Amino acid sequence: MSGNAVAKAPLAHAPVRLRSLTWSVFVPMALYGTGAGAAAPMYALRALDLGASIGSAGVIVALGGLGMVLTDLPAGRIVARIGERGAIGLGSLLGLIGILAAIVAPNLGVLAAGMLLNGAAGAVWGLARQTYIVAVVPPADRGRALSTLAGAHRLGFFCGPFLGAGLVHGMGPNGALWLQCVTTVLSGCALVAIRGVDDDARSGGHTLRSVVVENRRLLGTLGSAALLTGAARAARQALLPLWAAHIGLSPAATSLIFGVSGAVDVLMSYPAGVWLDRRGRRATGVPSMICFAAGYAVLPWTGTALTMGLAAVLLGLANGISNGLIMTVGADVAPEHRRAEFLGAWRLTHDVGMFAGPIAVGVISSVAVLGAAAFALALSAAAGAVAMYRWFPGVVGADSLDRAIAVRPSTDSMVA
């Protein structure tokens, strides 16, 4: 399959302008992120309320990531079978049940089940919104569309803790969880109302296993870069607060550093999408991973709020530059008639990294010094930059996209 064939692959709908997706997709995504951002730090507190130790609370929170990893592959089949709108409705229902379970949980077991359901809901929700964008947006605008989608979620996630603070003050941790209930329902209803995607863009009866096997080389090469990106993104959420405590910063200073880093991340969302479309996937991915590597490498040398803040801003810049990158590359190389199943497997590579990154920080820091975890992450991010330079495509339709797709077996290209 040539790069031009990918660039001109038929869409399930006539191409739409990004502006027309503002109220139907991007605003609901920001709303969904607002609830998630408000509730994210409250699940650990909910676990502590139920008698968990600090270590157990961390494990329970991590179950959300595990639920996402376990559901990524089935999510591809779900979207292929019932379509994007049906999958968003199902994901919203699963998320609502998970949040309510966390609110009313009488013990840690029920809370753990709620976290698993939340993760499963995120996998279904995320894949459905991605496949919808890929189906209705022209390939030339794909980077901006997916970066805006991811940026809308990050903006909501950034604002959520501030908007939920009053509810938490009056109702405790459950106040933020009730806010997440409301935003999940509202955003789910808004996205279910979008127009559906034609069935001929969906799977032609291929099994999930066959899709993974046919694309195993693609998932093993480009997917390795996606995995390392996921690890670099998620590990900063675990490493930065631990390092702040290590150098004696106050919780207020730590929160301020996170806020500034998050603001840089959000501000980079749309420019990152423009760069993706104009300069290509490799020209975006390699600099983002270099910034990750540099940020983690300098972190152990910081000892004040200012120097650590500069490292955190560099990591926020890296995260912002990579905004929408992994979704866009997956969309570029996905087989047209098995898109949902492939993207489910593609998301799994990234989400495994998201799940493993914070765990790696804990394991390495428990057997060595905390700085060793930062250096290990710097090396893995550098390896990600090398993988992206070797395998990531450039601009859609260019010869570099042919090189990325060339790792797909010939049997796959014949049926694509």
Next on the checklist: For a test of the definition: using alpha carbon positions, the gyration tensor, and the 1.5 limit on a/c, classify the stretch 246-291 as rounded, prolate or oblate.
Outcome noted: oblate
Next on the checklist: Need one word for the stretch 59-167: rounded, prolate or oblate. Basis is the Cα gyration tensor (sqrt eigenvalues a ≥ b ≥ c); a/c below 1.5 gives rounded, then a/b vs b/c decides.
Outcome noted: oblate
Item to check | Residues E84, E336, E341, sorted so that the one with the fewest Cβ neighbours within 10 Å comes first | outcome: E336, E84, E341
Checklist entry - Classify the stretch 121-165: rounded, prolate or oblate, from the alpha-carbon gyration tensor (a ≥ b ≥ c, eigenvalue square roots; a/c under 1.5 rounded; otherwise prolate if a/b is larger than b/c)? => result oblate
Checklist entry - Taking amide H positions as placed 1.01 Å from N in the peptide plane, with prolines and chain starts having none, which residues 5 or more places from A40, or on another chain, fall under 5 Å of its amide H? => result none
Checklist outcome for this item: For G303, other-chain or 5+-apart residues with amide H closer than 5 Å (H placed, Pro excluded) are M308
Checklist entry - Got a sec? Charge dipole of the chain, +1 on Cβ for Lys and Arg, -1 for Asp and Glu; which of G95, Y270, L314 is way out at the positive end? => result Y270
Item to check | Relative contact order %, the chain, counting alpha carbon pairs below 8 Å whose residues are six or more apart | outcome: 26 percent
Checklist entry - With point charges of +1 on the Cβ of Lys and Arg and -1 on the Cβ of Asp and Glu, referenced to the Cα centre of the stretch 59-172, which listed residue (A112, G86, F157) lies farthest in the positive direction of the dipole? => result G86
Checklist entry - For the stretch 236-253, what does the Karplus curve 6.51 cos²θ - 1.76 cosθ + 1.60, with θ = phi - 60°, yield as ³J(HN,Hα) per residue in whole Hz, taken in order and with x for Gly and Pro? => result 5, 5, 8, 6, 4, x, 5, 5, 4, 5, 4, 9, x, 6, 6, x, 5, 5
Item to check | J(HN,Hα) series, the stretch 321-338, from Karplus relation 6.51 cos²θ - 1.76 cosθ + 1.60, nearest Hz, glycine and proline x | outcome: 4, 7, 4, x, 4, 5, 5, 5, 4, x, 5, 4, 9, 5, x, 4, 9, 9
Item to check | Residue of H153, H169, H350 that the Gaussian network model of the chain assigns the largest fluctuation, springs spanning Cα pairs under 10 Å | outcome: H169
Checklist entry - Which ³J(HN,Hα) values, rounded to whole Hz and listed in residue order, are derived for the stretch 28-36 from phi using the Karplus coefficients 6.51, -1.76 and 1.60 in 6.51 cos²θ - 1.76 cosθ + 1.60 with θ = phi - 60°, glycine and proline given as x? => result x, 5, 5, 5, 4, x, 4, x, 5
Next on the checklist: For the chain, what does the helix formula give at 222 nm: sum of -39500 (n - 2.57) over DSSP H segments with n ≥ 4, over the residue count, nearest 500 deg cm²/dmol?
Outcome noted: -27000 deg cm²/dmol
Item to check | Exposed-loop-free span, longest in the chain, where trypsin sites (Lys or Arg not before Pro) count as exposed if DSSP calls them loop and at most 15 other C-beta atoms lie within 10 Å | outcome: 196-416
Next on the checklist: Of the candidates D141, D277, D49, which one comes out as most mobile in a Gaussian network treatment of the chain with C-alpha springs shorter than 10 Å?
Outcome noted: D49
Checklist entry - Which one of M42, M388, M115 has the biggest mean-square fluctuation once the chain is modelled by GNM with Cα springs under 10 Å? => result M42
Next on the checklist: Output needed for the stretch 260-368: three equivalent-ellipsoid semi-axes, defined as square roots of 5 times the C-alpha gyration tensor eigenvalues, in descending order, whole Å.
Outcome noted: 29, 20, 10
Checklist entry - Out of these labelled values of Rg and Dmax of the Cα atoms in Å, [x] 20.4, 61; [y] 21.8, 70; [z] 21.7, 67, which was calculated from the coordinates shown here? => result [x]
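A short reminder: the numbers here are calculations on the coordinates, not readings from a lab. Only a predicted model underlies this, so the values are computations on that prediction, with no experimental measurement involved. When we count neighbours, we look across all protein chains shown, and the Cβ atoms used for this are built from the backbone with ideal geometry, even at glycine.
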